[in-house]
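Take a look at the structure below.
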């Protein structure tokens, strides 16, 4: 498998505090990889560095072999990297369908003038966005709720919708930040099914979770992150049996 994302000796300092220190790992095309660790381990900071929200202090981030160090988020999104957030960040006053259509913005070509005059190519593009957005909603079983306000959905479906909106950007890599947080068992199972469907569609997944058991059951390979560094890594099923992981994260 080709290497899609490569993080090399990455570091991030906030003042005198190193939140990420000498961090290195690779993600290959078609994989589901998981990063687990406690609060304050640097998981979300890592995602913010990969997506250009924070500038890096040292090291390199390569996407498809190209250095993306400190590129602005919109350019990284254009390259094919999308993400979700720990807390749900939907447009609550927009419909479920409109939230997904917003995600298509990075892949549209019509400008203000063609939209204002409703040019034929703009209408064609709009129809394509609608059709593709409905297809994506069906992937998460939300197509029947396309016209509902997104704020009216229960938390589990709001989290699924956020993943679908990220998927609408046509990413090659999707970064999922605590996707199972606050979900019950049945909602978590639905989310897992969605992840497998996303992988089957050709999109690579890197997820971070405090729910170590759920993350390692989904992923093929995992990393344990503590105080900004990887302290343990290996095949997910192997990590589930590791005494350190069981004691620290699985309550055994």
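The values are calculated or read from the model by the stated rules, or taken from the named source; none is laboratory data. Owing to the predicted nature of the structure, the values given are computational and were not obtained by experimental measurement. For neighbour counting, all protein chains shown are included, and Cβ atoms are generated from backbone atoms with ideal geometry for every residue, glycine included.
Descriptive notes on the structure:
- Selection from segment 1-25 of residues that are at pLDDT 95 or above and exposed (fewer than 13 other Cβ atoms within 10 Å of the Cβ): 9
- Scanning segment 70-87 for residues that are closer than 20 Å to residue 104 by Cβ and in contact with a helix residue (DSSP H, G or I) (Cβ under 8 Å, 6 or more places away or on another chain) yields 74, 76, 77, 78, 81, 82, 83, 84, 85.
- Checking each residue in segment 44-87 for being part of a loop (DSSP other than H, G, I, E, B), under 20 Å from residue 100 (Cβ atoms) and touching a strand residue (DSSP E or B) at 6+ places or on another chain (Cβ under 6 Å) picks out 51, 84, 85.
- Among residues of segment 200-226, those that are at pLDDT 90 or above and surrounded by fewer than 18 Cβ atoms within 10 Å (Cβ to Cβ), counted: 5
- So residue 41, is it part of a loop (DSSP other than H, G, I, E, B) and modelled with pLDDT under 95: yes
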